[in-house]
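There's a structure below that I have some questions on.
The values are calculated or read from the model by the stated rules, or taken from the named source; none is laboratory data. Source: prediction; values computed, not measured. Neighbour counts run over all protein chains shown; Cβ positions are idealised from the backbone, glycine included. In case anyone asks, the SASA skips ligands and DNA or RNA and just uses the protein heavy atoms, side chains included. Shrake-Rupley method; radii C 1.70, N 1.55, O 1.52, S 1.80 Å.
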Amino acid sequence: MHSLHQRRLLLGVGGGIAAYKSAELVRELTRQGAEVRVVMTAAATEFITPLTLQALSGHPVRQALFDAQAEAGMDHITLARWAELVLIAPATADLMARLALGLADDLLTTLCLATEAPIALAPAMNRQMWAAPATRDNATLLTTRGLHLLGPADGEQACGESGLGRMLEPQEIARRATTLLSSGPLAGVRVVVTAGPTREAIDPVRFISNRSSGRMGYAVAQAAAEAGANVLLVSGPVALPAPAGVERIMVESAEQMYTEVMAHPCDLFIATAAVADYRPQITAATKLKKTAAEMSLPLTRNPDILAAVAALPQPPFTVGFAAETDQLEQYARGKLEAKRLNMIAANWVGERAAGAGFESDENALELFWPGGSLTLPRAAKLPLARHLVKVISEHFHQLRPSP
Ligand code: PMT
(Lines give C-alpha, C1' and ligand atoms only; values in the text may rest on other atoms or scores of the structure.)
Protein backbone atom coordinates (compact mmCIF):
# COMPACT_ATOMS: atom_id res chain seq x y z
CA MET A 1 0.00 0.00 0.00
CA HIS A 2 1.42 3.38 -0.98
CA SER A 3 0.73 5.43 2.08
CA LEU A 4 2.36 8.66 0.84
CA HIS A 5 0.55 8.63 -2.49
CA GLN A 6 0.71 12.13 -4.06
CA ARG A 7 1.93 13.75 -0.83
CA ARG A 8 4.41 16.61 -1.31
CA LEU A 9 7.55 16.29 0.78
CA LEU A 10 10.46 18.69 0.93
CA LEU A 11 13.50 16.75 2.07
CA GLY A 12 16.26 18.86 3.59
CA VAL A 13 19.62 17.13 3.76
CA GLY A 14 22.14 18.37 6.32
CA GLY A 15 25.88 17.88 6.28
CA GLY A 16 26.59 14.73 8.27
CA ILE A 17 27.80 11.26 7.41
CA ALA A 18 24.20 9.96 7.65
CA ALA A 19 23.51 12.01 4.48
CA TYR A 20 24.41 8.89 2.51
CA LYS A 21 21.19 7.35 3.87
CA SER A 22 19.13 10.17 2.38
CA ALA A 23 19.45 8.42 -0.99
CA GLU A 24 17.64 5.42 0.47
CA LEU A 25 15.14 7.74 2.15
CA VAL A 26 14.30 9.44 -1.17
CA ARG A 27 13.81 6.01 -2.72
CA GLU A 28 11.54 4.89 0.12
CA LEU A 29 9.45 8.07 0.02
CA THR A 30 9.02 7.96 -3.77
CA ARG A 31 8.32 4.20 -3.62
CA GLN A 32 5.43 5.04 -1.32
CA GLY A 33 4.09 7.50 -3.89
CA ALA A 34 5.38 10.80 -2.46
CA GLU A 35 6.56 13.64 -4.64
CA VAL A 36 9.92 14.63 -3.21
CA ARG A 37 11.91 17.83 -3.74
CA VAL A 38 15.37 17.86 -2.20
CA VAL A 39 17.21 20.81 -0.73
CA MET A 40 20.81 20.26 0.40
CA THR A 41 22.97 22.41 2.61
CA ALA A 42 26.45 23.21 1.31
CA ALA A 43 27.93 20.80 3.86
CA ALA A 44 25.61 17.97 2.73
CA THR A 45 27.13 18.08 -0.75
CA GLU A 46 30.45 17.03 0.84
CA PHE A 47 28.87 13.68 1.73
CA ILE A 48 26.57 12.88 -1.21
CA THR A 49 26.23 14.41 -4.65
CA PRO A 50 23.15 16.40 -5.67
CA LEU A 51 23.10 14.35 -8.87
CA THR A 52 22.38 11.16 -6.90
CA LEU A 53 19.38 12.72 -5.18
CA GLN A 54 18.23 14.37 -8.41
CA ALA A 55 18.23 10.99 -10.15
CA LEU A 56 16.28 9.36 -7.32
CA SER A 57 13.75 12.15 -6.77
CA GLY A 58 13.29 12.96 -10.45
CA HIS A 59 13.68 16.69 -9.78
CA PRO A 60 16.64 19.09 -9.72
CA VAL A 61 18.15 19.40 -6.26
CA ARG A 62 18.14 22.93 -4.81
CA GLN A 63 21.20 24.17 -2.94
CA ALA A 64 21.69 27.92 -3.10
CA LEU A 65 19.35 30.68 -1.99
CA PHE A 66 20.69 33.05 -4.61
CA ASP A 67 20.33 30.86 -7.70
CA ALA A 68 18.58 32.93 -10.35
CA GLN A 69 17.96 29.97 -12.66
CA ALA A 70 16.43 27.70 -9.99
CA GLU A 71 14.40 30.59 -8.55
CA ALA A 72 12.97 31.25 -12.00
CA GLY A 73 11.62 27.65 -11.99
CA MET A 74 10.07 27.54 -8.50
CA ASP A 75 11.12 30.35 -6.19
CA HIS A 76 11.85 29.55 -2.56
CA ILE A 77 8.58 30.99 -1.26
CA THR A 78 6.59 28.90 -3.73
CA LEU A 79 8.65 25.87 -2.71
CA ALA A 80 7.92 26.59 0.97
CA ARG A 81 4.19 26.79 0.18
CA TRP A 82 4.31 23.69 -2.03
CA ALA A 83 5.51 21.43 0.78
CA GLU A 84 3.00 19.51 2.88
CA LEU A 85 5.84 18.38 5.14
CA VAL A 86 9.42 19.59 5.52
CA LEU A 87 11.53 16.64 6.56
CA ILE A 88 15.16 17.24 7.47
CA ALA A 89 17.30 14.11 7.50
CA PRO A 90 19.96 14.14 8.67
CA ALA A 91 19.53 17.14 10.97
CA THR A 92 22.99 17.97 12.30
CA ALA A 93 23.73 19.77 15.57
CA ASP A 94 24.71 22.85 13.57
CA LEU A 95 21.48 22.83 11.55
CA MET A 96 19.39 22.43 14.71
CA ALA A 97 21.26 25.36 16.30
CA ARG A 98 20.65 27.56 13.27
CA LEU A 99 16.97 26.63 13.21
CA ALA A 100 16.69 27.35 16.93
CA LEU A 101 18.21 30.79 16.35
CA GLY A 102 15.82 31.46 13.48
CA LEU A 103 18.63 32.08 11.02
CA ALA A 104 17.90 32.29 7.31
CA ASP A 105 21.45 32.14 6.04
CA ASP A 106 20.92 29.42 3.44
CA LEU A 107 18.07 28.00 1.39
CA LEU A 108 17.03 25.26 3.83
CA THR A 109 16.82 27.48 6.94
CA THR A 110 15.03 30.17 4.90
CA LEU A 111 12.46 27.61 3.73
CA CYS A 112 11.90 26.50 7.32
CA LEU A 113 11.03 30.06 8.29
CA ALA A 114 8.87 30.59 5.22
CA THR A 115 6.81 27.39 5.35
CA GLU A 116 3.49 26.79 7.08
CA ALA A 117 3.96 23.04 6.72
CA PRO A 118 4.95 20.91 9.72
CA ILE A 119 8.71 20.46 10.07
CA ALA A 120 10.25 17.17 11.18
CA LEU A 121 13.89 16.65 12.04
CA ALA A 122 15.75 13.33 12.08
CA PRO A 123 18.82 14.22 14.16
CA ALA A 124 22.10 12.48 13.42
CA MET A 125 25.28 13.24 15.31
CA ASN A 126 27.89 11.85 17.65
CA ARG A 127 26.40 10.85 21.02
CA GLN A 128 28.32 13.54 22.94
CA MET A 129 27.16 16.23 20.52
CA TRP A 130 23.57 15.04 21.06
CA ALA A 131 24.07 15.06 24.84
CA ALA A 132 25.73 18.51 24.85
CA PRO A 133 23.67 21.06 26.83
CA ALA A 134 23.46 23.41 23.83
CA THR A 135 21.98 20.67 21.62
CA ARG A 136 19.61 19.59 24.41
CA ASP A 137 18.39 23.18 24.78
CA ASN A 138 17.99 23.56 21.03
CA ALA A 139 16.04 20.29 20.79
CA THR A 140 13.72 21.42 23.61
CA LEU A 141 13.23 24.85 22.05
CA LEU A 142 12.47 23.41 18.63
CA THR A 143 9.94 20.92 19.96
CA THR A 144 8.32 23.68 22.06
CA ARG A 145 7.88 25.62 18.81
CA GLY A 146 6.06 22.63 17.30
CA LEU A 147 8.82 21.01 15.27
CA HIS A 148 8.83 17.21 15.41
CA LEU A 149 11.90 15.25 16.38
CA LEU A 150 12.13 11.81 14.77
CA GLY A 151 14.71 9.99 16.89
CA PRO A 152 17.62 9.84 17.16
CA ALA A 153 18.19 6.13 17.68
CA ASP A 154 20.59 4.38 19.99
CA GLY A 155 23.31 2.29 18.42
CA GLU A 156 26.62 2.14 16.59
CA GLN A 157 27.79 5.40 15.17
CA ALA A 158 30.00 6.23 12.19
CA CYS A 159 32.64 7.63 14.56
CA GLY A 160 33.02 4.16 16.10
CA GLU A 161 31.23 5.03 19.34
CA SER A 162 27.89 3.71 20.40
CA GLY A 163 25.02 5.65 21.91
CA LEU A 164 22.10 7.99 21.25
CA GLY A 165 22.56 10.12 18.14
CA ARG A 166 22.27 7.69 15.25
CA MET A 167 19.77 8.66 12.54
CA LEU A 168 16.62 6.52 12.35
CA GLU A 169 16.52 4.08 9.45
CA PRO A 170 14.92 5.47 6.26
CA GLN A 171 11.91 3.12 6.49
CA GLU A 172 11.20 4.30 10.03
CA ILE A 173 11.53 7.96 9.02
CA ALA A 174 9.11 7.36 6.13
CA ARG A 175 6.66 5.63 8.48
CA ARG A 176 6.75 8.54 10.91
CA ALA A 177 6.38 11.05 8.07
CA THR A 178 3.22 9.20 7.05
CA THR A 179 1.80 9.50 10.55
CA LEU A 180 2.63 13.22 10.66
CA LEU A 181 0.86 13.83 7.37
CA SER A 182 -2.28 12.10 8.50
CA SER A 183 -5.08 13.72 10.39
CA GLY A 184 -8.65 12.74 11.03
CA PRO A 185 -10.23 9.81 12.86
CA LEU A 186 -8.46 7.21 10.72
CA ALA A 187 -5.04 8.90 10.68
CA GLY A 188 -2.35 6.38 9.82
CA VAL A 189 -4.82 3.48 9.63
CA ARG A 190 -4.24 1.10 6.70
CA VAL A 191 -7.55 0.55 4.97
CA VAL A 192 -8.28 -1.82 2.10
CA VAL A 193 -11.57 -1.29 0.24
CA THR A 194 -12.92 -3.59 -2.47
CA ALA A 195 -15.29 -2.08 -5.02
CA GLY A 196 -17.17 -2.75 -8.21
CA PRO A 197 -18.15 -6.03 -9.81
CA THR A 198 -15.92 -8.92 -10.81
CA ARG A 199 -15.93 -10.52 -14.23
CA GLU A 200 -15.74 -14.28 -14.54
CA ALA A 201 -14.64 -15.24 -18.02
CA ILE A 202 -16.68 -17.78 -20.00
CA ASP A 203 -14.57 -17.46 -23.12
CA PRO A 204 -12.34 -14.69 -24.54
CA VAL A 205 -15.35 -12.42 -25.25
CA ARG A 206 -18.00 -13.30 -22.64
CA PHE A 207 -18.15 -13.13 -18.88
CA ILE A 208 -20.49 -13.42 -15.89
CA SER A 209 -20.81 -10.19 -13.94
CA ASN A 210 -23.34 -7.98 -12.14
CA ARG A 211 -24.72 -4.47 -12.04
CA SER A 212 -22.26 -2.88 -9.59
CA SER A 213 -20.92 0.45 -10.88
CA GLY A 214 -18.30 0.80 -8.15
CA ARG A 215 -19.74 4.15 -7.01
CA MET A 216 -20.44 3.04 -3.43
CA GLY A 217 -17.00 1.51 -2.98
CA TYR A 218 -15.19 4.47 -4.53
CA ALA A 219 -17.13 6.83 -2.25
CA VAL A 220 -16.12 4.70 0.77
CA ALA A 221 -12.46 4.78 -0.33
CA GLN A 222 -12.60 8.56 -0.73
CA ALA A 223 -14.29 9.05 2.65
CA ALA A 224 -11.66 6.85 4.36
CA ALA A 225 -8.84 8.84 2.71
CA GLU A 226 -10.48 12.08 3.84
CA ALA A 227 -10.53 10.63 7.36
CA GLY A 228 -6.74 10.31 7.18
CA ALA A 229 -6.43 6.62 6.32
CA ASN A 230 -3.88 5.13 3.94
CA VAL A 231 -6.30 3.62 1.49
CA LEU A 232 -5.81 0.87 -1.04
CA LEU A 233 -8.75 0.37 -3.37
CA VAL A 234 -8.93 -3.03 -5.03
CA SER A 235 -11.36 -2.45 -7.84
CA GLY A 236 -13.16 -4.58 -10.33
CA PRO A 237 -13.73 -3.22 -13.84
CA VAL A 238 -15.52 0.14 -13.57
CA ALA A 239 -15.35 3.45 -15.43
CA LEU A 240 -14.42 5.66 -12.47
CA PRO A 241 -11.19 7.59 -11.78
CA ALA A 242 -9.28 6.73 -8.59
CA PRO A 243 -10.24 9.16 -5.79
CA ALA A 244 -7.50 11.65 -4.82
CA GLY A 245 -4.98 10.27 -2.36
CA VAL A 246 -6.14 6.68 -2.87
CA GLU A 247 -3.93 3.99 -4.32
CA ARG A 248 -5.80 1.69 -6.68
CA ILE A 249 -5.24 -1.79 -8.07
CA MET A 250 -7.55 -2.85 -10.90
CA VAL A 251 -8.57 -6.50 -11.16
CA GLU A 252 -11.04 -8.47 -13.25
CA SER A 253 -11.98 -11.68 -11.50
CA ALA A 254 -12.82 -12.71 -7.93
CA GLU A 255 -9.65 -14.80 -7.79
CA GLN A 256 -7.52 -11.78 -8.77
CA MET A 257 -9.32 -9.65 -6.19
CA TYR A 258 -8.68 -12.32 -3.56
CA THR A 259 -4.95 -12.45 -4.42
CA GLU A 260 -4.52 -8.66 -4.20
CA VAL A 261 -6.47 -8.33 -0.95
CA MET A 262 -4.55 -11.14 0.73
CA ALA A 263 -1.23 -9.61 -0.41
CA HIS A 264 -1.98 -6.31 1.35
CA PRO A 265 -2.31 -6.52 5.13
CA CYS A 266 -4.44 -3.78 6.66
CA ASP A 267 -6.00 -2.58 9.92
CA LEU A 268 -9.48 -2.09 8.48
CA PHE A 269 -11.08 -4.00 5.60
CA ILE A 270 -14.27 -2.74 3.93
CA ALA A 271 -15.76 -5.08 1.33
CA THR A 272 -18.16 -3.13 -0.88
CA ALA A 273 -17.43 -5.16 -4.00
CA ALA A 274 -20.15 -7.27 -5.56
CA VAL A 275 -17.95 -10.32 -5.97
CA ALA A 276 -19.23 -13.12 -8.18
CA ASP A 277 -19.90 -16.13 -5.97
CA TYR A 278 -19.29 -18.53 -8.86
CA ARG A 279 -17.11 -18.67 -11.95
CA PRO A 280 -17.27 -20.99 -14.98
CA GLN A 281 -15.50 -24.24 -14.19
CA ILE A 282 -13.63 -23.94 -17.46
CA THR A 283 -12.84 -20.80 -19.42
CA ALA A 284 -12.92 -21.70 -23.10
CA ALA A 285 -9.74 -20.74 -24.94
CA THR A 286 -11.67 -19.75 -28.05
CA LYS A 287 -15.09 -18.17 -28.59
CA LEU A 288 -17.92 -20.64 -27.92
CA LYS A 289 -20.10 -21.35 -30.98
CA LYS A 290 -23.86 -21.68 -30.89
CA THR A 291 -24.59 -25.26 -31.82
CA ALA A 292 -27.18 -26.95 -29.57
CA ALA A 293 -30.53 -25.30 -28.73
CA GLU A 294 -29.62 -25.41 -25.04
CA MET A 295 -26.38 -25.30 -23.21
CA SER A 296 -25.40 -25.52 -19.57
CA LEU A 297 -22.43 -23.87 -17.97
CA PRO A 298 -20.95 -25.68 -14.95
CA LEU A 299 -19.88 -23.20 -12.28
CA THR A 300 -17.52 -23.49 -9.38
CA ARG A 301 -17.42 -21.47 -6.13
CA ASN A 302 -15.12 -18.46 -5.92
CA PRO A 303 -13.10 -17.83 -2.77
CA ASP A 304 -15.00 -15.68 -0.27
CA ILE A 305 -12.60 -12.76 0.15
CA LEU A 306 -14.39 -11.20 3.11
CA ALA A 307 -14.64 -14.48 5.02
CA ALA A 308 -10.96 -15.23 4.31
CA VAL A 309 -9.86 -11.84 5.66
CA ALA A 310 -12.03 -12.19 8.78
CA ALA A 311 -10.55 -15.67 9.38
CA LEU A 312 -6.93 -14.48 9.37
CA PRO A 313 -5.06 -15.23 12.62
CA GLN A 314 -4.91 -11.49 13.34
CA PRO A 315 -7.81 -10.14 11.34
CA PRO A 316 -8.31 -6.45 10.64
CA PHE A 317 -11.53 -4.74 11.73
CA THR A 318 -13.75 -6.22 9.05
CA VAL A 319 -16.82 -4.59 7.49
CA GLY A 320 -18.93 -6.40 4.93
CA PHE A 321 -21.74 -5.20 2.67
CA ALA A 322 -24.90 -7.12 1.91
CA ALA A 323 -27.03 -6.45 -1.15
CA GLU A 324 -30.47 -7.95 -0.60
CA THR A 325 -33.77 -8.11 -2.48
CA ASP A 326 -35.70 -9.44 0.56
CA GLN A 327 -35.36 -10.20 4.29
CA LEU A 328 -32.59 -7.62 4.56
CA GLU A 329 -31.93 -7.82 8.30
CA GLN A 330 -32.14 -11.60 8.53
CA TYR A 331 -29.73 -12.19 5.65
CA ALA A 332 -27.36 -9.40 6.70
CA ARG A 333 -27.16 -10.63 10.29
CA GLY A 334 -26.65 -14.15 8.97
CA LYS A 335 -23.61 -12.98 6.98
CA LEU A 336 -22.33 -10.96 9.96
CA GLU A 337 -22.29 -14.13 12.06
CA ALA A 338 -21.29 -16.69 9.43
CA LYS A 339 -18.33 -14.61 8.22
CA ARG A 340 -17.43 -13.43 11.76
CA LEU A 341 -17.49 -9.74 10.81
CA ASN A 342 -17.28 -6.69 13.06
CA MET A 343 -20.00 -4.90 11.09
CA ILE A 344 -22.15 -5.25 8.01
CA ALA A 345 -23.75 -2.53 5.88
CA ALA A 346 -26.90 -3.83 4.22
CA ASN A 347 -28.64 -2.21 1.28
CA TRP A 348 -31.68 -3.01 -0.77
CA VAL A 349 -31.17 -3.80 -4.42
CA GLY A 350 -33.78 -4.53 -7.06
CA GLU A 351 -37.35 -3.28 -6.76
CA ARG A 352 -37.24 -2.56 -3.02
CA ALA A 353 -34.29 -0.18 -3.56
CA ALA A 354 -36.55 2.26 -5.45
CA GLY A 355 -33.75 3.63 -7.59
CA ALA A 356 -31.00 3.42 -4.96
CA GLY A 357 -28.32 0.72 -4.53
CA PHE A 358 -26.77 -0.68 -7.71
CA GLU A 359 -25.76 1.73 -10.49
CA SER A 360 -27.38 4.67 -8.73
CA ASP A 361 -25.90 7.89 -7.29
CA GLU A 362 -27.82 7.32 -4.07
CA ASN A 363 -28.06 4.65 -1.46
CA ALA A 364 -29.37 3.93 2.05
CA LEU A 365 -27.71 1.60 4.54
CA GLU A 366 -28.78 -0.47 7.53
CA LEU A 367 -25.75 -1.14 9.73
CA PHE A 368 -25.63 -4.21 11.94
CA TRP A 369 -22.99 -5.29 14.42
CA PRO A 370 -23.09 -7.80 17.26
CA GLY A 371 -25.61 -6.28 19.64
CA GLY A 372 -26.53 -3.15 17.68
CA SER A 373 -27.82 -1.50 14.55
CA LEU A 374 -28.13 1.93 12.94
CA THR A 375 -29.99 3.32 9.94
CA LEU A 376 -28.11 5.64 7.61
CA PRO A 377 -30.89 7.32 5.64
CA ARG A 378 -30.92 7.64 1.87
CA ALA A 379 -28.39 10.12 0.54
CA ALA A 380 -25.90 10.63 -2.28
CA LYS A 381 -23.19 7.95 -2.04
CA LEU A 382 -20.32 10.25 -0.96
CA PRO A 383 -22.06 11.87 2.05
CA LEU A 384 -23.46 8.47 2.93
CA ALA A 385 -19.96 6.96 2.77
CA ARG A 386 -18.64 9.76 5.02
CA HIS A 387 -21.37 8.95 7.55
CA LEU A 388 -20.52 5.26 7.31
CA VAL A 389 -16.77 5.87 7.76
CA LYS A 390 -17.48 8.00 10.84
CA VAL A 391 -19.49 5.18 12.44
CA ILE A 392 -16.89 2.58 11.43
CA SER A 393 -14.02 4.63 12.89
CA GLU A 394 -15.88 4.98 16.23
CA HIS A 395 -16.31 1.20 16.44
CA PHE A 396 -12.75 0.62 15.21
CA HIS A 397 -11.30 2.78 17.99
CA GLN A 398 -13.54 1.20 20.64
CA LEU A 399 -12.16 -2.19 19.70
CA ARG A 400 -8.57 -1.04 19.18
CA PRO A 401 -7.91 1.91 21.47
CA SER A 402 -5.02 4.05 20.21
CA PRO A 403 -1.83 3.66 22.23
O1 PMT B 1 -21.27 -0.42 -7.08
P2 PMT B 1 -22.59 0.32 -6.91
O3 PMT B 1 -23.35 0.41 -8.21
O4 PMT B 1 -22.40 1.68 -6.26
O5 PMT B 1 -23.51 -0.54 -5.94
C6 PMT B 1 -23.14 -0.71 -4.60
C7 PMT B 1 -23.45 -2.14 -4.09
C8 PMT B 1 -24.95 -2.37 -4.11
C9 PMT B 1 -22.76 -3.17 -4.98
C10 PMT B 1 -22.87 -2.23 -2.65
O11 PMT B 1 -23.49 -1.28 -1.83
C12 PMT B 1 -23.03 -3.61 -2.04
O13 PMT B 1 -24.04 -3.95 -1.48
N14 PMT B 1 -22.00 -4.47 -2.17
C15 PMT B 1 -22.00 -5.87 -1.74
C16 PMT B 1 -22.79 -6.65 -2.72
C17 PMT B 1 -22.73 -8.14 -2.48
O18 PMT B 1 -22.20 -8.80 -3.32
O19 PMT B 1 -23.18 -8.59 -1.38
P20 PMT B 1 -23.14 -10.18 -1.01
O21 PMT B 1 -24.26 -10.34 -0.08
O22 PMT B 1 -23.12 -11.05 -2.22
O23 PMT B 1 -21.74 -10.38 -0.29
C24 PMT B 1 -21.58 -10.13 1.10
C25 PMT B 1 -20.22 -9.58 1.36
O26 PMT B 1 -19.21 -10.54 1.06
C27 PMT B 1 -19.85 -8.36 0.56
O28 PMT B 1 -19.12 -7.50 1.41
C29 PMT B 1 -18.95 -8.89 -0.54
O30 PMT B 1 -17.97 -7.93 -0.97
C31 PMT B 1 -18.28 -10.06 0.16
N32 PMT B 1 -17.90 -11.17 -0.74
C33 PMT B 1 -18.86 -11.89 -1.35
C34 PMT B 1 -18.49 -12.98 -2.12
C35 PMT B 1 -17.12 -13.29 -2.28
N36 PMT B 1 -16.75 -14.30 -3.03
N37 PMT B 1 -16.20 -12.55 -1.66
C38 PMT B 1 -16.56 -11.50 -0.90
O39 PMT B 1 -15.70 -10.80 -0.34
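Taking R0 as 41 Å, what's the FRET efficiency between ALA55 and ASP267 from their Cβ-Cβ distance, rounded to 0.05?
On the way: r = 35 Å, r/R0 = 0.84.
Step by step, r from the Cβ atoms, then E = 0.75.
What do you get for the angle between helix 133-144 and the principal long axis of the chain? Use alpha-carbon atoms, 0 to 90 degrees, nearest ten.
Helix 133-144 sits roughly 40 degrees off the main axis of the chain.
OK, next. Taking H placed 1.01 Å from N in the peptide plane, check which residues at least 5 places from MET343 or on another chain put their amide H under 5 Å from its amide H.
Here the answer is THR318, GLY320, since their amide H atoms fall under 5 Å of that of MET343.
Send over a whole-number figure in Å² for the accessible area per residue of the stretch 190-399, probe 1.4 Å. Mind showing how you got there, number by number?
Details: 10270 Å² over 210 residues.
Per-residue accessible area for the stretch 190-399 comes out at 49 Å².
Tell me the label-point distance for the pair GLU337, ALA132, using the 7 Å Cα-to-Cβ offset, in nm and rounded to one decimal.
The modelled label-to-label distance comes out at 6.9 nm.
Right, here's the next one. Using the basic label-point model (7 angstrom from Cα toward the beta carbon), what is the ALA68 to GLN327 distance in nanometres?
8.1
Using the crude model of +1 on Lys and Arg Cβ and -1 on Asp and Glu Cβ, and no other charge, please compute the dipole size for the stretch 96-194 relative to its Cα centre, in debye to 20. Write down the numbers at each step before the final one.
Values: 8 positive and 9 negative charges, 51 e Å.
The dipole of the stretch 96-194 has a size of about 240 debye.
Rounded to whole Hz and in sequence order, give me ³J(HN,Hα) for the stretch 42-53 from the Karplus expression 6.51 cos²θ - 1.76 cosθ + 1.60, θ = phi - 60°, writing x for Gly and Pro.
4, 5, 4, 5, 6, 9, 8, 7, x, 4, 4, 6
Continuing with the same structure: How much of the accessible area of the chain, in percent, comes from carbon and sulfur atoms when a 1.4 Å probe is used?
Values: 10110 of 19180 Å².
The C+S portion of the solvent-accessible surface of the chain is 53 percent.
Rg(Cα) of the chain divided by 2.2 N^0.38 Å?
Details: Rg = 26.0 Å, N = 403, 2.2 N^0.38 = 21.5 Å.
Ratio of Cα Rg to 2.2 N^0.38 Å: 1.21.
Residue by residue, what Karplus-based ³J(HN,Hα) values in Hz, rounded to whole numbers, does the stretch 151-159 have, using 6.51, -1.76 and 1.60 with θ = phi - 60° and x for Gly and Pro?
For the stretch 151-159, the Karplus curve yields x, x, 9, 9, x, 5, 10, 4, 6 Hz.
Separate question: What is the sum of charges, Lys and Arg at +1 and Asp and Glu at -1, for the other residues whose Cβ falls under 14 Å from the Cβ of ASP154?
It works out to a net charge of -2.
Between ASP154 and TYR20, what is the label-to-label distance in nm when each label sits 7 Å out along the Cα-to-Cβ direction?
2.6
Give me the three principal axis extents of the stretch 8-180 from the C-alpha atoms, as integers in angstrom, largest value leading.
Largest first, the stretch 8-180 extends 43, 31, 31 Å along its Cα principal axes.
Considering the options PHE207, LEU382, ALA254, tell which one lies farthest towards the positive end of the dipole of the chain, charges being +1 on Lys and Arg and -1 on Asp and Glu at the Cβ, about the Cα centre.
It is PHE207, whose Cα lies furthest towards the positive end.
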